[in-house]
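Notes follow the structure.
The values are calculated or read from the model by the stated rules, or taken from the named source; none is laboratory data. Please read all numbers here as calculations on a predicted model, not as lab measurements. So basically every Cβ, Gly included, is an ideal-geometry build from the backbone, and we count neighbours across all protein chains shown.
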């Protein structure tokens, strides 16, 4: 093997090993550490990616971690697959008021999903939005977990708000976070890109 070939092999091995090493160690973003693995829905999930939400380019709103049973960089697979999925958000500001969170959720769900799905699931969308009924502050958390056969559960500021059954609403929720019309920076981070 020539020296040039050896260098190419070494660079390839390092590049392929980097994502596995990153996942094995977890990740920090915005001053928040996300562990490499998390228990949710009776399963051990792996950190798929992290992202930082900013407002007006300077205000750090939250740091988020996205966990899957089977990590993927495919948005479609992350949205549609029947596996346990978990979002963990750690708020970094007191400017995330309940009103802003509720309005943002309603607008983003409508923008990210086909109109017929939004119409069919208006009741569930409004119910989930109603659970976002408290202002957030630094250190407050919001955790959303999807368990196949059970549904999408929200734990908001440490209190379980409820579960919306079925896969279709959950797919809408994950499309709002990971789909083509989702925030590009968040989408890219959560998909580990």
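Per-structure values
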item: Failed item, numbered, when residue 67 is tested on (1) modelled with pLDDT of 95 or more; (2) assigned to a helix (DSSP H, G or I); (3) surrounded by 14 or more Cβ atoms within 10 Å (Cβ to Cβ); result: (2)
item: Of residues in the stretch 114-127 being in contact with a helix residue (DSSP H, G or I) (Cβ under 7 Å, 6 or more places away or on another chain) and part of a helix (DSSP H, G or I), the one surrounded by the fewest Cβ atoms within 10 Å (Cβ to Cβ); result: 118
item: Of the criteria (1) more than 14 Å from residue 173 (Cα to Cα); (2) modelled with pLDDT of 95 or more, which one residue 96 fails; result: (2)
item: Selection within the stretch 160-193 - more than 20 Å from residue 148 (Cα to Cα) and part of a helix (DSSP H, G or I); result: 184, 185, 186, 187, 188, 189, 190
item: Selected residue [surrounded by fewer than 16 Cβ atoms within 10 Å (Cβ to Cβ) and more than 18 Å from the chain's Cα centre (by Cα)] from 148, 138; result: 138
item: Number of positions in the stretch 86-108 that are loosely packed, with under 13 Cβ neighbours inside 10 Å and either under 18 Å from residue 167 (Cβ atoms) or within 18 Å of the chain's Cα centre (by Cα) (or both); result: 1
item: Residue 189 being modelled with pLDDT under 95 and either under 23 Å from residue 45 (Cβ atoms) or loosely packed, with under 14 Cβ neighbours inside 10 Å (or both); result: no
item: Answer residue from the stretch 10-41, given it is under 12 Å from residue 86 (Cβ atoms) and either out of contact with any strand residue (DSSP E or B) (no Cβ under 6 Å at 6 or more places or on another chain) or at pLDDT below 90 (or both) and is surrounded by the most Cβ atoms within 10 Å (Cβ to Cβ) among those; result: 35
item: Residue check, residue 111 assigned to a helix (DSSP H, G or I), within 18 Å of the chain's Cα centre (by Cα), touching a residue at least 12 places away in the same chain (Cβ under 8 Å) and crowded, with 16+ Cβ neighbours inside 10 Å; result: no
item: Test: residue 76 is in a helix (DSSP H, G or I) and modelled with pLDDT of 95 or more; result: yes
